[in-house]
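What follows is a set of notes on a single structure, which appears directly below.
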Number of protein chains: 2
Amino acid sequence: MLSLVEENYLKTIYHLSDGGGQQVSTNAIADAIKTKPASVSDMIRKLDRKGVISYTKYQGVNVTSEGISAALKVIRKHRLWEVFLVQHLKFNWDEVHEVAEQLEHIKSPLLIERLDEFLGHPKVDPHGDPIPDSQGVIKARPQIKLGDLSPKSEGLIMAVNDSGSSFLQHLDKIGAYLGARILVVDKEEFDSSLRVKIDDGEILFISKEVASNILVEELTS
Amino acid sequence: MLSLVEENYLKTIYHLSDGGGQQVSTNAIADAIKTKPASVSDMIRKLDRKGVISYTKYQGVNVTSEGISAALKVIRKHRLWEVFLVQHLKFNWDEVHEVAEQLEHIKSPLLIERLDEFLGHPKVDPHGDPIPDSQGVIKARPQIKLGDLSPKSEGLIMAVNDSGSSFLQHLDKIGAYLGARILVVDKEEFDSSLRVKIDDGEILFISKEVASNILVEELTS
DNA sequence: TACTTAATTTAGACTAATCTAAAAAATAAT
DNA sequence: ATTATTTTTTAGATTAGTCTAAATTAAGTA
């Protein structure tokens, strides 16, 4: 059983490791948690002993499969509470985080399953982040080409098909980045070009070629 | 600002003091909180320094008006969460306590006001206990004479109109006490006597005179 | 009133989590 | 490759909350 503080460390490490993939440094954890590296050293030795991360001195840490499973439980709770706060208690999406930070540590499996049911088994939180199911499985987000998004619908930029620097520089120029919200204003029939807004900015033109190289996740508003 | 542990002490002391009225002994607190008297001694010195109780050595403690106000805030949160768990998450009334014990410590004034609104400003929790309003005011529980309770309905014995010892001895004899649950089985038309059950015990006869001197709070099942 | 018992407090130790300052290891730079 | 810099770890102290054992005060009883 992890303490509240240990849960926060684990969750942070999981996020920094990008879902368990990357190695994470002591300083990165200290930065993220707003604590001192010395405190992190102590804590990661403890988390290693508990089996949720693996740690060798001066080498940073990796999250174990047990750790991933534990982190996903916390993340599931956090995101379900966010849905509750926004959909039922009229919170704005920018007001939910700190409250969900507290609610995510409530210990009651029954509570969280009932809450999930009450909310209608939502798949994403108010920021569009996916909610792991009770088994800790994250439904792969369906990625489609920006060009296939229907007019008036919105998507999140998830990946690109062309990693060439000229293409990436172009994206940079128009203000597109991984995670940006993109709205398809309309579509030209004759050349399949798009008019889009990125993050509520100005209307931009995007060619068919560019549009087919941007992968988005459609937002179900 | 009180810590979670301090909040639990204060809430317990408030309850033991019967709403701030009685003095509370160190051992009573230790019993209620399942800790040792030595720990209680330490904690009550701290709570005294913080101004929520007043404490003189070997004399037990009293809750200050500041303490009452703080305790009522916690109790309000606890009871609102209980209503939520029962009315919206299908919890049984006997499953809610431990979860509400955790939820009551979530710090967010906005959250609790929105929850209150969402629940429709309930006046009592699933056990019939009153919910303090946002100002900490507890609506006086409506007391009616036992004789005015309609057959088949239940009440809690809240007070008596006759404090004479013979009357109190009679109550003692039939097993009635402050806080007892009393069910009116039926009522005789011709002499207004009642047949009642106290705490699911045997059926007892109660005269009109006795019934008019017992004040109950009707339980809205 | 003196003695016994019960309630309460103090003293000292322990765990969890944090910090500062200093030491050690790894990385970068000349 | 040797120095300089950054990162990380250790050592030792601190705070909150708890405990056991011993000391003190209050209360009960002969």
Exercise for review: May I ask you to report, in nm to one decimal and beginning with the shortest, the distances from B:Gln59 to the same position in the other copies, taking label points 7 Å along Cα-to-Cβ?
Suggested key: 6.3
Point to revise | Principal axis box of the range A:4-63, alpha-carbon based, largest edge first, Å | key: 25, 24, 21
Revision key, fill the gap. Per DSSP, the loop-located trypsin sites (Lys or Arg not before Pro) within the range B:49-113 having at most 11 other beta carbons within 10 Å are B:Lys57
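Using 30 Å as the Cα-Cα cut-off, could you pick out the over-long pairs in A:Lys36/B:Lys73; A:Lys11/B:Lys77; A:Lys46/B:Lys77; A:Lys34/B:Lys90? Can you show the working numbers first?
Values: A:Lys36/B:Lys73 35 Å; A:Lys11/B:Lys77 27 Å; A:Lys46/B:Lys77 34 Å; A:Lys34/B:Lys90 39 Å.
Going by Cα-Cα distance, A:Lys36/B:Lys73; A:Lys46/B:Lys77; A:Lys34/B:Lys90 fall outside the 30 Å limit.
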**Study point:** Filtered trypsin sites (Lys or Arg not before Pro), the range A:131-183: DSSP coil and at most 12 other beta carbons within 10 Å
**Key:** A:Lys139, A:Lys152
Review point. What percentage of the solvent-accessible surface of the protein assembly as shown, computed with a 1.4 Å probe over protein heavy atoms, is contributed by carbon and sulfur atoms?
Key: 51 percent
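Order B:Glu218, A:Glu98 by their accessible area, 1.4 angstrom probe, all chains in place, largest first.
On the way: B:Glu218 85, A:Glu98 135 Å².
The ordering from most to least exposed comes out as A:Glu98, B:Glu218.
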Point to revise | Exposed-loop-free span, longest in chain B, where chymotrypsin sites (Phe, Trp or Tyr not before Pro) count as exposed if DSSP calls them loop and at most 13 other C-beta atoms lie within 10 Å | key: B:94-176
**Study point:** Under Karplus coefficients 6.51, -1.76 and 1.60, residue-wise ³J(HN,Hα) of the range A:143-154 in Hz, glycine/proline x
**Key:** 9, 10, 6, 3, x, 8, 6, 7, x, 6, 9, 10
Study note, to complete from the structure: Per residue, accessible area of the range A:143-218 with a 1.4 Å probe, heavy atoms of protein chains only, in Å², comes to 57 Å²
Review point. What length, rounded to one decimal in nm, is gained on full extension from B:Gln169 through to B:Lys145, with 0.36 nm per residue of separation minus their alpha-carbon distance?
Key: 6.7 nm
Point to revise | Most mobile listed residue (B:Thr56, B:Thr64, B:Thr12) in chain B, GNM with C-alpha springs under 10 Å | key: B:Thr56
**Study point:** Where A meets B: accessible area buried, both sides, 1.4 Å probe, Å²
**Key:** 1800 Å²
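FRET efficiency for B:Gln59 and A:Thr220, Cβ-Cβ distance as r, R0 = 41 Å, nearest 0.05?
0.05
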Point to revise | At least 50 Å² of accessible area lost relative to the chain alone, listed for the range B:105-132 with a 1.4 Å probe | key: B:Ile106, B:Leu111, B:Arg114, B:Phe118
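Could you work out Rg/(2.2 N^0.38 Å) for the protein assembly as shown, with Rg from alpha carbons only? Don't skip to the end; give the middle numbers.
Details: Rg = 29.9 Å, N = 442, 2.2 N^0.38 = 22.3 Å.
Computed over Cα atoms of the protein assembly as shown, the ratio equals 1.34.
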Check your understanding: In square angstrom, what is the accessible area per residue of the range B:4-63 with a 1.4 angstrom probe?
Key -> 56 Å²
Exercise for review: Could you work out, for chain B, what percent of all Cα-Cα pairs fall into each 5 Å distance bin, beginning at 0 Å and stopping at the bin that holds the largest distance?
Suggested key: 1, 6, 13, 14, 14, 14, 14, 12, 7, 4, 1, 0, 0
Study note, to complete from the structure: the range B:143-218, Kirkwood Rh and Cα Rg, ratio Rg/Rh at 0.91
Check your understanding: Each label point is 7 Å from the Cα along the Cα-to-Cβ direction; what then is the distance between the points at A:Asp133 and A:Glu101, in nm?
Key -> 3.2 nm
Review point. What is chain A's relative contact order, in percent, from Cα pairs under 8 angstrom and six or more apart in sequence?
Key: 15 percent
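The values are calculated or read from the model by the stated rules, or taken from the named source; none is laboratory data. Given the structure is predicted, the values throughout are model-derived calculations rather than measurements. A quick note on method: Cβ atoms are made from the backbone with ideal geometry, for glycine too, and the neighbour counts reach across all protein chains shown. Accessible surface areas use protein heavy atoms only, side chains included; no ligands, DNA or RNA. Shrake-Rupley method; radii C 1.70, N 1.55, O 1.52, S 1.80 Å.
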